[in-house]
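Student: Handing you a structure now.
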Amino acid sequence: MTLFILLLMPLLGGLLAWYSERFDAGLPKKIALLSLLLCWLPLIPLLSSMPFDASSLPRSQWLIDESYPWIPFFNINAHLALDGLSLLLILLTLLMGLVALSSAWHEITKRTGLFYLNLLWTLAGVLGVFLAIDLFLFFVFWEVMLVPMYFLISIWGYEQRHYAAVKFFIFTQAGGLLMLISLCALVGIHYQQTGILTFDYLILIQNPISGDLAFWVALGFTIAFLVKLPALPFHSWLADAHTQAPTAASIILAAVLLKTGGYGIIRFVLPLFPQASIQLAPFMMLLGVIGIIYGAMMAFVQTDLKRLVAYSSVSHMGFVLLGCFAFNIYALQGAVMQMLAHGISTSALFVLVGMIQHRYHTRDLNELGGLWLNLPKLSAFGLFFGIASLGMPGLGNFVAEFLILIGSFAQYPKLTILAASGLILAAVYSLLLIYKTFFGQTKRPHDSKIADTNTKEWCTLISMCFILIYLGLHPQPFFDLVPITLMKLSFIADDIGALL
Amino acid sequence: MNVNYYPAFILMCGALMILIQLCFKRSHITSYLISGLSLFLALLTQFYLQNHADTSDVLFVLNAQTSFVSLLLLMVVGLIWAQLYHWLKTINEQKEEYYLLFLLTTIGGLIMVSSHHFASFFLGLELMSLSFIGLIAYCGPDQKAQEAGIKYLILSALASAFILMGAAILYLQFGSLSFSNLLPNTSSQILPPWAIITAIIFIFTGLFFKLSLVPCHLWVADLFEGAPLVTAAMLATLSKLAAFIILWRLVTLGHWQQYPLIIDILSMVAIASMFIGNFLGLLQKNLLRLMAYSSIAHFGYLLIVLLLINNNAIEFSSQSFNTQTLFFYLVAYLFTLVGVFSIFMQLPKIKTLDDLAGLFWHHPVIAITLMLLMLSLAGIPLTLGFMAKFYLIMAAVSQQLWLVLSALVLSSIIGLFYYLRVIMAMLKTPADELIFKDINSSGSSLSLNILILFLVIGFGVFPSSLSQFIQQISG
């Protein structure tokens, strides 16, 4: 029941928050905070009993595994399971949920009840995506989490919110439909080859499908995940959605929604289609590299601060794609680490942009400048997260990118060299961001009413700093937690022997 | 008399009673109650017959499947009827005859869905179409309604003529008008194959007109916009349900999928309907026109069922699963559509998308219901519409119909645009709040909304019982 309780908590909390708006407009956010904190409760026994060292790792992949029949007609079960990878991403989701809540606390003043309903339901959907092990259930969560996100963007967003919301919804739905067809084809082929009708990942994974169709099925899944990641030809929803969304929604988008794409590739595409993913790998690596360079180049021509951060995400997620398809344990661990580190550093940047916009009512780089003089604390955080995103050694992003590059160099040296140039480009746009915002000429007379970070903001940001530093200095527990050797990635087993 | 004819017989009695009542005294409420009572009794009888029906004679086949379709039809009509009284009060016409025609179309539909012979099929079709003409042109002085009535009169006469011609050619070949004799018998081939194909195309033309599939779709938007709202709802649900069931029965009983040309025509019509319906829906401002185009697209999706060849070798391509797909899709689509129309009936003043602006902030229950119905039409998970799409994709994937599947994906994405536009319109800040004054938010319409939500979301989240029921009747 633990995992179902974890899912139900934000769902019920959201409903309660919506209802409570009738009594007091300030109540919904408190209820949202409470329900997010309660979500940690089911995880506590797990976290306390889990020793963070390699020697006592659990022998099976799944830490918790719960299943109830749902639609017996198609043999679909409500099957949730948790392993190290999903645990890490769930922790990230819950943390970023708190961060989003903190940034929405004062920013959202209209229709608060509905806002927190949608925020919590999006989080519930994302948790469901990370937990669902039945493919049908996974698909349901995958699609349903978009609906509240659509409302978040289209009701509380900025000027062009309707356009951005529709674009976001349609891009991701298109990917979703493709996945639905591939899903049906996968189950159908599996049924033909084994005689078992099932949507269960654990059963499907035992007999990976083969044949010509397997390649196309794998491609369908991969494209659906690439849209969410986002990789190059499907990335154009991201800049609009991030820019127009309210800060809290941008945080959720950047920190966790994008991660569902990477999670999907690692969890589903690689183990379910070992043959096809080897065929796909060169193209995916190429897409990843193009994404890295293109995202970085687009980032440094932006004048909108939020758009800049959004394009930097495209660049960073290119590394995830690179890491996933390098077929190498280092690169894969790097990809997981990149998802965590990017989730934290980018959402911190979105928090900062939100703060700046709340104070100065602009995100235009040409109108900002010289913030350090007036807001030293906020600017110091800006500097920290700026250099985190350019991959400064000692922080999580560096570990991730370094591992990905090392891992993929063995097989694809040329592409990796190109990808490494992304690090330089990252330095260019990050420093540009820091320079134009925090240093340089002050463009406007100082308004003494604009205050520096308050305690709540300060606490949020400093805790994110510490997590990034911890990820950078002591990443081993996180690597141990991700049971790559247990994940039935067949190509990895040979590599480990060779490399260790 | 065979017990299986009771539902239609009860409705007939209801219609006659309204006629008799009209001779003595006009009373809106009496006609309303008579029609309601006869619908209710017919529904109860049909429900009872669900487990007992299994006979067939020359004209009709009455088994679990036709009984289920009749039940579905009566439920849909009942849901429309529930809104009828409030809606009729707002128009300035004699009201009693509407109930009469309403019952007559229902009888026509009932006859059609269980007919097994060209004679009974044609009888039902004409009864339905002729009553529809009256229903469409009901609001006398309204020019648009008159125009729509004339359009329907001419076009449906033309469609009937096509069907008759087709039936005549088939009679020439098979020497019988019964559907069960439609199977081609190679030993006694009188006509060349192209003549039979021509006959099939003639019948298709007539039925495609009723289903408003491309290229016989031009009338549908004008009609939905011009006709009275309840008539539009009946046209969209009852008439299309009956026509599709007949189409499906003809294609399966006659094994028409054996002709490659017919398969090509069906796939082309399906693909064209998906794309043209969804593309034309994109820029519509009028809500009813939007629904008209959406229904073209949905019947385009449903045509995929006819392309499924019954091949028991592969799972999900057996006769049984194809039938289940058809029934599930019909149930899902019709319930959603009736829901949408009953919401429209609760919003009498609202005609265009712009009028919807701000509905969410004034009448959240109505707006949320409409929102979920739109999501169901768009096929978002946890709604009935998604499960229907899932059935359809499951069946089509197992037969590897990649061409129509890719058309389905692309056109659903286009369709998503206008379903989202409806949702978005409701979220906007209202321009004029006066428009919401006439909204009927009484307890009865609230409970109806809750019932619709229960059907669309409840069966969307837990489809098992519905699936099993449908499996039983088509097994």
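The values are calculated or read from the model by the stated rules, or taken from the named source; none is laboratory data. Here the structure is a predicted model, which is why all the values come from computation and not from measurement. Note: ideal-geometry Cβ built from the backbone for every residue, glycine included; neighbour counts use all protein chains shown.
Student: Of everything in the range B:125-158, what is surrounded by 21 or more Cβ atoms within 10 Å (Cβ to Cβ) and within 13 Å of B:LEU207 (Cβ to Cβ)? Give them in sequence order.
Tutor: Those that are surrounded by 21 or more Cβ atoms within 10 Å (Cβ to Cβ) and within 13 Å of B:LEU207 (Cβ to Cβ): B:LEU125, B:MET128, B:SER156.
Student: Now a separate question. Being farther than 29 Å from B:ASP142 by Cβ and assigned to a helix (DSSP H, G or I) narrows it down to one of B:LEU127, B:LEU79, B:LEU37, so name that one.
Tutor: B:LEU37
Student: For the range A:148-165, enumerate the residues that are facing another protein chain (nearest Cβ under 9 Å) and either crowded, with 22+ Cβ neighbours inside 10 Å or under 18 Å from A:VAL126 (Cβ atoms) (or both).
Tutor: Selection gives A:TYR150, A:PHE151, A:SER154, A:ALA165.
Student: Restricting to the range B:387-407, count the residues that are of a type outside the set (Gly, Ala, Ser), part of a helix (DSSP H, G or I) and either at the interface with another protein chain (Cβ under 8 Å from one of its Cβ atoms) or out of contact with any helix residue (DSSP H, G or I) (no Cβ under 7 Å at 6 or more places or on another chain) (or both).
Tutor: Residues flagged as of a type outside the set (Gly, Ala, Ser), part of a helix (DSSP H, G or I) and either at the interface with another protein chain (Cβ under 8 Å from one of its Cβ atoms) or out of contact with any helix residue (DSSP H, G or I) (no Cβ under 7 Å at 6 or more places or on another chain) (or both) within the range B:387-407 amount to 7.
Student: May I pose another question? Looking at (1) within 18 Å of the chain's Cα centre (by Cα); (2) at pLDDT below 90, find the lone condition where A:GLY291 falls short.
Tutor: A:GLY291 satisfies all of (1) within 18 Å of the chain's Cα centre (by Cα); (2) at pLDDT below 90 except (2).
Student: So in the range B:177-201, with the set limited to residues that are of a type in the set (Ser, Thr, Tyr) and either at pLDDT below 90 or not in a helix (DSSP H, G or I) (or both), which one is farthest from B:TYR152 (Cα to Cα)?
Tutor: Restricting to residues being of a type in the set (Ser, Thr, Tyr) and either at pLDDT below 90 or not in a helix (DSSP H, G or I) (or both), the top hit is B:SER187.
Student: Also, I was wondering about something else. Working carefully through the options A:PHE409, A:PHE384, A:PHE466, find the one that is under 28 Å from A:LEU371 (Cα atoms), modelled with pLDDT of 85 or more and crowded, with 18+ Cβ neighbours inside 10 Å.
Tutor: A:PHE384
Student: Would you tally the residues in the range A:37-67 being hydrophobic (A, V, I, L, M, F, W, C) and modelled with pLDDT under 80?
Tutor: 8
Student: Just to verify a result, which residue in the range A:319-334, among those that are crowded, with 24+ Cβ neighbours inside 10 Å and among the aliphatic types (A, V, I, L, M), is nearest to the chain's Cα centre (by Cα)?
Tutor: A:VAL320
Student: Hey, any hits in the range B:252-270 for a residue that's of a type in the set (A, V, I, L, M), farther than 27 Å from B:SER178 by Cβ and away from chain A (no Cβ under 14 Å)?
Tutor: yes
Student: State which residue pairs qualify: first residue on the phi < 0 side of the Ramachandran plot and inside the range A:456-470, second residue among the hydroxyl-bearing types (Ser, Thr, Tyr) and at pLDDT 90 or above in any location, beta carbons under 7 Å apart, and separation of 6 or more residues or different chains.
Tutor: A:LEU468/A:SER345
Student: So, one more: Given the structure, is B:PHE204 buried (at least 22 other Cβ atoms within 10 Å of the Cβ) and either of a type in the set (Phe, Trp, Tyr) or at pLDDT 85 or above (or both)?
Tutor: In short, yes.
Student: Next question, about the same structure. Among the helices (runs of 4 or more DSSP H) lying completely within the range A:178-246, list those that include at least 3 residues that are within 14 Å of chain B (Cβ to nearest Cβ), surrounded by fewer than 23 Cβ atoms within 10 Å (Cβ to Cβ) and out of contact with any Leu (no Cβ under 7 Å at 6 or more places or on another chain).
Tutor: Qualifying helices (runs of 4 or more DSSP H): A:212-228.
Student: Regarding B:LEU373, is this residue of a type outside the set (Lys, Arg) and within 11 Å of another protein chain (Cβ to nearest Cβ)?
Tutor: no
Student: Another question about this same structure. Please list, ordered by first then second residue, the pairs with beta carbon atoms under 6 Å, 6 or more apart or interchain, first in the range A:215-241 and farther than 19 Å from A:SER313 by Cβ, second small (Gly, Ala, Ser) and in a helix (DSSP H, G or I).
Tutor: A:PHE215/A:ALA276; A:VAL217/A:SER182; A:VAL217/A:ALA185; A:ALA218/A:ALA276; A:GLY220/A:SER182; A:PHE221/A:SER182
Student: Considering (1) buried (at least 21 other Cβ atoms within 10 Å of the Cβ); (2) closer than 25 Å to B:ALA168 by Cβ; (3) not aliphatic (A, V, I, L, M), say which one B:THR231 fails and leave the rest.
Tutor: (2)
Student: Residue check: is A:THR172 surrounded by 24 or more Cβ atoms within 10 Å (Cβ to Cβ) and within 12 Å of another protein chain (Cβ to nearest Cβ)?
Tutor: Yes: the conditions hold for A:THR172.
Student: I'd like to check something: does the range A:314-321 contain any residue that is of a type outside the set (S, T, N, Q) and without any contact (Cβ under 8 Å) to a residue 60 or more places away in the chain?
Tutor: The answer is no, given that none of the residues of the range A:314-321 is of a type outside the set (S, T, N, Q) and without any contact (Cβ under 8 Å) to a residue 60 or more places away in the chain.
Student: If I go through the range A:60-80 residue by residue, how many of them are in a strand (DSSP E or B), surrounded by fewer than 20 Cβ atoms within 10 Å (Cβ to Cβ) and more than 14 Å from chain B (Cβ to nearest Cβ)?
Tutor: Total satisfying the criteria: 6.
Student: Only one residue in B:ILE245, B:ILE314, B:ILE296 is within 14 Å of another protein chain (Cβ to nearest Cβ) and either modelled with pLDDT under 90 or buried (at least 21 other Cβ atoms within 10 Å of the Cβ) (or both), so which one is that?
Tutor: Going through B:ILE245, B:ILE314, B:ILE296 in turn, just one is within 14 Å of another protein chain (Cβ to nearest Cβ) and either modelled with pLDDT under 90 or buried (at least 21 other Cβ atoms within 10 Å of the Cβ) (or both): B:ILE314.
Student: List the number of the failed condition for A:LYS306; all other conditions in (1) surrounded by fewer than 24 Cβ atoms within 10 Å (Cβ to Cβ); (2) in contact with a Gly (Cβ under 6 Å, 6 or more places away or on another chain) hold.
Tutor: A:LYS306 satisfies every listed condition except (2).
Student: Conditions first: (1) touching a residue at least 12 places away in the same chain (Cβ under 8 Å); (2) surrounded by fewer than 17 Cβ atoms within 10 Å (Cβ to Cβ); (3) out of contact with any strand residue (DSSP E or B) (no Cβ under 6 Å at 6 or more places or on another chain). B:THR55 passes all but one, so which condition is the exception?
Tutor: B:THR55 satisfies every listed condition except (3).
Student: Oh, and also: Within the set of pairs 6+ apart or on separate chains, which have a first residue in the range B:338-349 that is at pLDDT below 90, a second that is among the charged types (D, E, K, R) and assigned to a helix (DSSP H, G or I), and C-beta atoms under 9 Å apart?
Tutor: The qualifying pairs are B:LEU347/B:ASP355; B:LEU347/B:ASP438; B:PRO348/B:ASP438; B:LYS349/B:ASP355; B:LYS349/B:LYS437; B:LYS349/B:ASP438.
Student: Answer yes or no as to whether B:THR383 is surrounded by 23 or more Cβ atoms within 10 Å (Cβ to Cβ), within 14 Å of chain A (Cβ to nearest Cβ), touching a helix residue (DSSP H, G or I) at 6+ places or on another chain (Cβ under 7 Å) and under 21 Å from B:LEU71 (Cβ atoms).
Tutor: no
Student: I would also like to ask the following. Consider only pairs whose beta carbons are under 7 Å apart and that are at least six residues apart or on different chains; among these, list those whose first residue lies in the range B:150-176 and is part of a helix (DSSP H, G or I) and whose second residue is surrounded by 20 or more Cβ atoms within 10 Å (Cβ to Cβ) and basic (Lys, Arg).
Tutor: Filtered contacts from the range B:150-176: B:ALA159/B:LYS210.
Student: How do the pairs read when you match residues in the range A:68-83 that are within 14 Å of B:SER465 (Cβ to Cβ) with residues anywhere that are among the acidic types (Asp, Glu) and in a helix (DSSP H, G or I), using Cβ under 6 Å and keeping only pairs 6 or more apart or on different chains?
Tutor: Final answer for the pair search is none.
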